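Below: one structure, written as structure tokens.
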Amino acid sequence: MDTSQDELTKAPATSVSRRKVLQTLTAITGAGGLSALSLSSEIPGLDPGLREALAKELQGESATGQTKLTGHLVFPGSPDYESARLGYARQFSTFPLVIVFCQNAQDVVNAINWCREHNVTFRARSGRHCLEGWSSVDGGVIIDVSNMKEIHVDTSAGVATVQTGLTQGEVVEALAKTGYTIPAGGEPKVGIAGVTLGGGIGLLARPLGLACDHLIGVEMVVPSDTGDVQIIQANEQNNADLLWASRGGGGGNFGIATSFTFKLASMPTVTFYDAKWDWRYLSELFSVWQNIAPSADDRLGSVFNPNSQINGIIESYGVFLGSENQLRHILQPMLEIGKPDVVIKTASYLDAFHFFSLGLSAFPARRNRDGTRLPGCWPQCRCQYMVPELGWCSGPDTNRSHSVLP
């Protein structure tokens, strides 16, 4: 979901620097509003027509024959602009001309049409967790669907339709009330859009598959053959190729997804575990875990976190669709190493999700709000151990946590 949409706009990115955006901020939010823009000196790199269009949008107007931006609009100078422009990865500190918080799919259509009419690039955004920064842009428009949070569950058909502004935590919580779930990741604040379109790996992946495996329908805003923008449905009967491509390969490649339809799985009772060891057992633990995890019972979803020596803790956790005795038998080769601090409980998957979510939220932020590194975090890695095929690396001076799923 979080991605560049330059191809969809069919227009090159406007060359507007951060300085020019801030100049625009001053012009747009001046005491005179539209008159301030009209009387201000021309801003290099910013088309006068775009400047006028932005002023009209600020006044709640639109030029004759042109598309009007709809939804909740946040302009530079708005009290919530600073929080609205930033995502989870604060090293991407960009300054969009406007953030459009869409309230429905038509707002998405209008935003894309507006960008095409005014030759402005845009980015799609949902949960703001794109680690590559693809949902941020300088001098363009961010089309944000995070206010679109409707969910409808049809228990008789075993399906749910969810809008793409929901986080995976909100989806898991809502479905649990009806006795259902879908397999997804463990971080509750990540958007369900990016999770699904990117695949959706989580602790239920081995027994239930990925989030995208449960995707049976997509509502998406796409360009039409006539040059307009339209809302289409993709399912097994209509646009089946688009549905197929969206199952893990749809991260911004085809359009902006506004809702998903999932086939549901019954909310399982699981046995979950969390075990922690002193860091000195790293080499032995990792070797044993590698022997266990790939060939373990398919009902087990397991993670191994080789934290840094500075952190001092090695952790493994997971969920098992079986009994506590069966799980202890599988884990016994690991639990015999050292004197681990072990939690093993039988509960609903929702309770397990909450348990692991608390642990994830306790991870320290790795960057300041301005994108600068926090002191002592992520220095140049001096690796003592590396398994290249897994992309895993941990050295005594690093402060990283790596999760590896079987």
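The values are calculated or read from the model by the stated rules, or taken from the named source; none is laboratory data. What you are looking at is a predicted structure, and each value in this text was computed from that prediction instead of being measured. Note: ideal-geometry Cβ built from the backbone for every residue, glycine included; neighbour counts use all protein chains shown.
So the values come out like this:
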read-out	value
From 281, 317, residue being among the hydroxyl-bearing types (Ser, Thr, Tyr), crowded, with 17+ Cβ neighbours inside 10 Å and out of contact with any Lys or Arg (no Cβ under 6 Å at 6 or more places or on another chain)	317
Region 70-125, residues that are in a helix (DSSP H, G or I), polar (S, T, N, Q) and over 22 Å from residue 255 (Cβ atoms)	83
Conditions (1) over 30 Å from residue 117 (Cβ atoms); (2) of a type outside the set (A, V, I, L, M); (3) part of a loop (DSSP other than H, G, I, E, B); (4) modelled with pLDDT of 95 or more: number failed by residue 200	(4)
Enumerated strands (runs of 3 or more DSSP E) restricted to region 307-406, each holding at least 1 residues that are modelled with pLDDT of 95 or more, farther than 17 Å from residue 276 by Cβ and hydroxyl-bearing (Ser, Thr, Tyr)	341-348
Verdict on residue 121 being touching a Gly at 6+ places or on another chain (Cβ under 6 Å), crowded, with 19+ Cβ neighbours inside 10 Å and not assigned by TED's automatic domain parsing to the domain that holds residue 163	yes
Qualifying residues in region 213-261 (those that are under 15 Å from residue 163 (Cα atoms) and in contact with a Gly (Cβ under 6 Å, 6 or more places away or on another chain)) - the one surrounded by the most Cβ atoms within 10 Å (Cβ to Cβ)	221
Qualifying residues in region 234-275 (those that are among the aliphatic types (A, V, I, L, M) and either in contact (Cβ under 8 Å) with a residue 40 or more places away in the chain or assigned by TED's automatic domain parsing to the domain that holds residue 130 (or both)) - the one farthest from residue 335 (Cα to Cα)	256
